[in-house]
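Take a look at the structure below.
The values are calculated or read from the model by the stated rules, or taken from the named source; none is laboratory data. Quick caveat, the model's predicted, so the values are computed rather than measured. Reconstructed Cβ throughout: ideal geometry from the backbone, glycine too, with neighbour counts over all protein chains shown.
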Amino acid sequence: MARRIAAQIPAGDGVGVVLLLSFGFLSAGSNAFANIVNEAQEKAGEGPGLSSAASETCVRAVFSGDDRRWPVFSGVVGNLGLGSTLSVPLRPDTETLGSVTVCARGSADLGNVIEEMLLEVTSSVVTELGTARLLSQLSVQVRDLSRAFQERNEVDIAVGVLTARYRYSASQARILLDQLARQDGTSVVEAARQVVGPFTDLE
């Protein structure tokens, strides 16, 4: 979706899409630059795209220094070359699912003309995809993300066991899990389960 929208917007250096989920949010960019901006929003937990989705309004920003609206985000993107953004809410029906953000290096003109164009293009793409299809794709991504979060949690538990019982540092514990996985020809997640298993059986 991000690439399709970017192809129709004659401004900016990338387009990022943020989808709101019950446990967080999922993002995708039209190129590497937009992905970096999305990642900065995810780590900061704030930014123009998230504000647009939360307020269900268009949000325009120029980054020339610290922005009081998003102090953490603006501090990060200052080193990325992000100059300005324009975000609009993503509303396939009556519910806002996220936002679409045009990202530009330098002080690009992301004024009312681009805003109207972005709203029109976003609406057109969403309608073309269809709400049902969009939600279907989202459900698949949510399932994959849920699995990834669960597996990361299992690894974190194993790291906690190793640090508590054997006084490894967190980094040493992760290196050990990686070594165990390579030794057994399995995944780090499976190695973590093997570490935690004996302690689970004692409960």
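Remarks
- Some residue of the stretch 5-23 being out of contact with any Leu (no Cβ under 7 Å at 6 or more places or on another chain), free of Cβ contacts under 8 Å to residues at least 60 places away in the same chain and closer than 19 Å to residue 142 by Cα: yes
- When the stretch 53-94 is limited to residues that are among the polar types (S, T, N, Q) and assigned to a loop (DSSP other than H, G, I, E, B), the one that is surrounded by the most Cβ atoms within 10 Å (Cβ to Cβ) turns out to be 57.
- Exactly one residue out of 104, 148, 164 is assigned to a helix (DSSP H, G or I) and modelled with pLDDT of 80 or more, and it is 164.
- Cross-chain or 6+ apart pairs with Cβ under 7 Å, the stretch 143-157 first and within 18 Å of residue 186 (Cα to Cα), then of a type in the set (Lys, Arg): 154/193
- Residue tally, condition at pLDDT 85 or above and part of a loop (DSSP other than H, G, I, E, B), over the stretch 1-44: 3
- For the stretch 71-101, the set of residues classified as at pLDDT below 85 and under 11 Å from residue 37 (Cβ atoms) consists of 76, 77, 80, 81, listed by residue number.
- When 193, 167, 147 are screened for being loosely packed, with under 12 Cβ neighbours inside 10 Å, within 30 Å of residue 26 (Cβ to Cβ), of a type outside the set (S, T, N, Q) and not assigned by TED's automatic domain parsing to the domain that holds residue 26, only 147 passes.
- Yes/no for residue 32 being surrounded by fewer than 20 Cβ atoms within 10 Å (Cβ to Cβ) and closer than 21 Å to residue 7 by Cβ: yes
- Of the residues making up the stretch 114-128, just one is modelled with pLDDT under 80 and charged (D, E, K, R), namely 128.
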